[in-house]
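The values are calculated or read from the model by the stated rules, or taken from the named source; none is laboratory data. This structure is a prediction, so every number in the text was calculated from the model and none was measured. Counting neighbours? That spans all protein chains shown, and the Cβs are built from the backbone with ideal geometry, glycine included. The area values use the complete protein model at the heavy-atom level, side chains included, leaving out ligands, DNA and RNA. Shrake-Rupley method; radii C 1.70, N 1.55, O 1.52, S 1.80 Å.
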Amino acid sequence: MSRAVYRYVEHSIRHESSGGVTYELFCTAPDCEEESAPQEGQEASQDWALRHAGLNPGHDLFRRAFTDHARVSRVE
């Protein structure tokens with residue numbers, strides 16, 4: 001007969017600043033599939049949205065996505 005011993009270890013998850021953050025905006029106007037593409041700076045994605053809205057009347061609602069990195073580590 002074999003036996004297994006399980007040890008449960010507590011972990012935490014936190015933002016990892018060295019991984020950076022990316023910003024992306026997506027136009028939600030009907031039939032528009034334009035997007036800013038991932039940007040390292042929030043200003044670049046916002047500038048894209050302002051230009052897009054200026055060139056396309058009625059395209060005034062955007063979905064924003066922020067992506068970061070997280071590190072999981074054992075709680076000691």
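Here are the numbers:
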{"item": "Surface per residue (accessible, 1.4 Å probe) for the chain, Å²", "result": "86 Å²"}
{"item": "Candidates ASP60, ASP31, ASP47: whichever shows maximal mean-square fluctuation once the chain is modelled as a Gaussian network with Cα springs under 10 Å", "result": "ASP31"}
{"item": "Solvent-accessible area, 1.4 Å probe, carbon plus sulfur percent, for the chain", "result": "48 percent"}
{"item": "Longest segment of the chain lacking trypsin sites (Lys or Arg not before Pro) that sit in a DSSP loop with at most 16 other Cβ atoms within 10 Å", "result": "8-76"}
{"item": "Whole-Hz couplings from phi, Karplus 6.51/-1.76/1.60, listed for segment 28-40; x for Gly and Pro", "result": "9, 5, x, 6, 10, 10, 6, 8, 6, 6, x, 10, 7"}
{"item": "Answer label for Rg and Dmax of the Cα atoms in Å (calculated), chosen among [x] 16.7, 57; [y] 20.8, 73; [z] 10.8, 30", "result": "[y]"}
{"item": "Qualifying chymotrypsin sites (Phe, Trp or Tyr not before Pro) for segment 1-69 [loop in DSSP, other Cβ within 10 Å: at most 10]", "result": "TYR6, TYR8"}
{"item": "Residue-count net charge about ASP68 - beta-carbon cut-off 15 Å; Lys, Arg +1, Asp, Glu -1", "result": "0"}
{"item": "Theoretical ellipticity at 222 nm over the chain - DSSP helices of four or more residues, -39500 (n - 2.57) apiece, nearest 500", "result": "-6000 deg cm²/dmol"}
{"item": "Karplus-derived HN-Hα couplings along segment 53-61 (A = 6.51, B = -1.76, C = 1.60, θ = phi - 60°), whole Hz, x at Gly and Pro", "result": "5, x, 8, 10, x, x, 8, 10, 10"}
{"item": "Derived scalar couplings ³J(HN,Hα) [segment 63-76; Karplus, 6.51 cos²θ - 1.76 cosθ + 1.60; whole Hz; x for Gly, Pro]", "result": "9, 9, 10, 10, 10, 10, 10, 10, 10, 9, 9, 6, 7, 10"}
